[in-house]
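Some notes on the structure that comes next.
The values are calculated or read from the model by the stated rules, or taken from the named source; none is laboratory data. Because the structure is predicted, anything quoted here is derived from the model rather than measured. Every residue, glycine among them, receives a Cβ derived from its backbone with ideal geometry; neighbour counts consider all protein chains shown.
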Amino acid sequence: MPVPVLPAPLHTRCTDGRESPLLVQDVDALAASLTSWAPRAGALAARLVDRIPSTDPAVDPAPPVAVVTGIDEALPAEGYTLALTDGRWTLRAADEAGAFWAVQTLTQLVRDGQVPDVEISDHPAYAVRGVMLDISRFFLGPDSIKKAIDLASAYRLNTLHLHLTDDQGWRLEIENRPLLTELASGTDVGGGTGGFLTLADFEELQDYAAALHVTIVPEIDLPGHSHAAQIAYPEISPDGEPREPYLGTEVGFSALHLTAEESWSFVDDVVASVAKHTRGEYIHLGGDESLTLSEEDYRVYMERLAQVGVKYGKKLTFWQEASVAQLPAQTRLQFWNMRERTAHMAAVARDQDVTFIASPATRAYLDQKYTADSTLGLDWAALVDVEDAYGWDPVAELPNIPAESIVGVEACLWSETVRSFDDATTLILPRLPAVASVAWGSPKDFPAFAAALSQHGTWWASEGLAFHRSEAIAWA
Ligand code: TNX
């Protein structure tokens with residue numbers, strides 16, 4: 001019986017199917033061994049006691065396992081080996097991240113309180129493995145975001161991209177710009193009550209994520225998708241007129257006044273505040289679907305916008321449309337759509353110091369319907385059932401972009417049809433582990449994936465997480 005670890009590790013050898021009970025003494029020994037050199041892995045390992053049916057030390061009959069952990073410099077970045085065998089646990093990792101992912105794998109292996117005999121060696125294919133939540137169209141608060149971080153980390157994703165601003169709402173407090181959250185955060189798509197993250201919330205979420213080896217990349221979407229900002233500060237809009245909250249789902253109709261100094265002082269304040277409060281190297285400044293602008297105006301705007309990001313010390317991510325601009329070194333472009341300015345991509349990859357994140361909507365968009373009769377989701381790109389989210393290769397999906405320019409894979413949850421956290425998880429699960437398997441570079445084996453996924457479905461249900469019962473999977 002193969003072990004139900006997702007993403008599937010690169011190499012898994014199950015020895016003879018033997019299992020032994022998980023014991024407190026062994027969890028303690030592992031946590032202690034890891035804590036000295038990989039503290040976050042040690043803290044996660046300590047939580048394995050929660051998987052032990054009884055924690056009474058009196059019922060621990062067996063001799064302790066010998067626990068050995070340490071760095072193995074020969075392993076690729078974030079790689080690890082794990083051997084649970086013969087009364088001995090060995091965990092070696094390339095770095096602290098590798099140790100942490102080893103413990104996430106272990107957490108799944110011992111989920112039911114039994115330790116299988118197994119040897120694993122593993123490392124990720126892509127350095128940037130992410131999930132995006134659109135909390136602008138429908139606001140999800142810190143508790144929901146933490147649950148999403150838990151899921152991301154469990155599936156060995158290291159990036160949470162928060163889409164914080166759009167036409168429907170502004171969701172992050174900004175220093176010196178109080179009206180954004182006062183006037184432009186009180187509604188959701190369809191009319192809900194919205195909400196926003198205070199800077200204290202944002203700091204706390206980054207702490208929470210960091211403990212789980214996840215980096216938050218905040219997105220402020222400019223110059224389009226900016227109706228909410230224009231409610232707060234009408235002087236940054238092309239006509240300066242007051243605006244009402246937007247509850248609909250159209251895209252592409254809003255853009256800032258590109259040359260007004262009010263717009264640039266707004267952009268400066270926003271980017272300064274976001275950069276100051278973001279721990280990670282990268283912030284995302286949008287750039288998608290500015291459909292009211294000429295390509296030339298858009299290009300000039302994006303180049304100036306990028307310089308504001310650089311001025312505040314950040315590296316930048318943009319949606320793929322920004323490929324028409326001259327971009328700062330180490331910019332990442334997020335590919336989402338075959339239809340948008342793909343002709344530039346190969347040249348950008350060749351001529352600029354730019355890399356790509358693969359989020360093809362037909363595979364990695366968690367907001368697309370699963371099937372024609374799904375009630376949740378959109379269908380402009382494709383129907384994306386779990387096999388579609390699982391069975392793809394980033395190099396084949398991104399037109400003309402050489403493999404070495406692709407550094408990441410990200411699953412995106414847009415929230416036009418989301419009205420609750422249950423709706424969000426119903427779109428996320430089971431497709432998140434499918435896209436995570438692509439990001440990790442797991443060997444392609446859909447039947448094995450399907451068998452493991454069924455087990456994960458049981459776990460989600462026990463945690464009260466709503467999920468979609470894709471027909472391809474024999475759910476318990
Ligand atoms: C396109 S993907 C958008 C979003 C929508 C999404 C819906 C992208 C960069 N822009 O504004 O929410 O489609 O699938």
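If you go through segment 416-424 one residue at a time, do you hit one that is of a type in the set (Asp, Glu), assigned to a loop (DSSP other than H, G, I, E, B) and over 19 Å from the mean Cα position of the chain (by Cα)?
no
Return the total of residues in segment 180-227 being within 19 Å of the chain's Cα centre (by Cα), touching a residue at least 24 places away in the same chain (Cβ under 8 Å) and more than 15 Å from the ligand (Cβ to nearest atom). Outline the logic, then answer.
Quick first cut of segment 180-227, residues within 19 Å of the chain's Cα centre (by Cα) only: 197, 201-221.
After this cut, where a residue has to be touching a residue at least 24 places away in the same chain (Cβ under 8 Å) as well, the list is 197, 201-206, 208-221.
Checking the rest, the ones that are also more than 15 Å from the ligand (Cβ to nearest atom) come to 197, 201-206, 208-216, 218.
Residues flagged as within 19 Å of the chain's Cα centre (by Cα), touching a residue at least 24 places away in the same chain (Cβ under 8 Å) and more than 15 Å from the ligand (Cβ to nearest atom) within segment 180-227 amount to 17.
Consider GLN108 against the criteria (1) more than 30 Å from GLU404 (Cβ to Cβ); (2) surrounded by 15 or more Cβ atoms within 10 Å (Cβ to Cβ); (3) in contact with a strand residue (DSSP E or B) (Cβ under 9 Å, 6 or more places away or on another chain); (4) touching a residue at least 40 places away in the same chain (Cβ under 8 Å): it satisfies all of them except one. Which criterion is unmet?
(3)
When you scan segment 122-175, how many residues do you find that are small (Gly, Ala, Ser) and over 20 Å from VAL435 (Cβ atoms)?
Taking segment 122-175 and keeping what is small (Gly, Ala, Ser), we get 125, 127, 130, 136, 141, 144, 148, 152-154, 169.
From what is left, the residues that are over 20 Å from VAL435 (Cβ atoms) are 136, 141, 169.
Looking only at that region, the number is 3.
Looking only at segment 279-302, which residues are small (Gly, Ala, Ser), in a loop (DSSP other than H, G, I, E, B) and either touching a helix residue (DSSP H, G or I) at 6+ places or on another chain (Cβ under 6 Å) or within 16 Å of the ligand (Cβ to nearest atom) (or both)?
GLY287, SER290
Can you name the strands (runs of 3 or more DSSP E) wholly within segment 316-415 that have at least 1 residues being among the small types (Gly, Ala, Ser) and within 23 Å of TYR155 (Cβ to Cβ)?
Values: elements: 331-335, 354-358, 406-413.
Of the strands (runs of 3 or more DSSP E) lying wholly inside segment 316-415, those with at least 1 residues that are among the small types (Gly, Ala, Ser) and within 23 Å of TYR155 (Cβ to Cβ) span 354-358, 406-413.
Tell me, please, whether a residue that is touching a His at 6+ places or on another chain (Cβ under 9 Å), part of a loop (DSSP other than H, G, I, E, B) and in contact (Cβ under 8 Å) with a residue 24 or more places away in the chain can be found in segment 253-261.
yes
Matching residues to (1) modelled with pLDDT of 95 or more; (2) away from the ligand (no atom under 16 Å from the Cβ); (3) touching a Leu at 6+ places or on another chain (Cβ under 6 Å):
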site	(1), (2), (3)
ARG304	yes, yes, no
VAL308	yes, yes, no
TYR312	yes, yes, no
GLU321	no, no, no
ALA329	yes, yes, no
ARG332	yes, no, no
ASN337	no, no, no
MET345	no, no, no
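Here's a check for you: in segment 235-255, which residue that is more than 18 Å from LEU183 (Cβ to Cβ) and within 16 Å of the ligand (Cβ to nearest atom) is surrounded by the fewest Cβ atoms within 10 Å (Cβ to Cβ)?
Ranking the candidates gives GLU250 first.
Take segment 177-200 and flag every residue that is under 14 Å from ILE135 (Cβ atoms) and loosely packed, with under 15 Cβ neighbours inside 10 Å.
Selection gives THR193, THR198.
Can you confirm whether segment 410-432 contains a residue that is surrounded by fewer than 18 Cβ atoms within 10 Å (Cβ to Cβ) and among the hydrophobic types (A, V, I, L, M, F, W, C)?
No - not one qualifying residue is present in segment 410-432.
Filter segment 347-374 for residues that are surrounded by fewer than 24 Cβ atoms within 10 Å (Cβ to Cβ), free of Cβ contacts under 8 Å to residues at least 24 places away in the same chain and within 12 Å of the ligand (Cβ to nearest atom) and give the result.
Within segment 347-374, LYS369 is the sole residue that qualifies.
For segment 324-342, give me the residue count where each residue is buried (at least 19 other Cβ atoms within 10 Å of the Cβ) and touching a strand residue (DSSP E or B) at 6+ places or on another chain (Cβ under 6 Å).
Final tally of qualifying residues: 6.
Exactly one condition in (1) free of Cβ contacts under 8 Å to residues at least 12 places away in the same chain; (2) closer than 30 Å to SER454 by Cβ; (3) of a type outside the set (Phe, Trp, Tyr) is not met by LEU6; state its number.
The single condition LEU6 does not satisfy is (1).
For residues that are among the aliphatic types (A, V, I, L, M) and closer than 17 Å to GLN108 by Cα, tally how many sit in segment 460-474.
The number of residues fulfilling the criteria is 2.
So how many residues does segment 38-64 have that are part of a loop (DSSP other than H, G, I, E, B) and at pLDDT 95 or above?
Counting residues in segment 38-64 that are part of a loop (DSSP other than H, G, I, E, B) and at pLDDT 95 or above gives 1.
Just checking: which of the helices (runs of 4 or more DSSP H) contained wholly in segment 173-238 hold 2 or more residues that are assigned by TED's automatic domain parsing to the domain that holds HIS284 and farther than 25 Å from THR292 by Cβ?
179-183, 199-211
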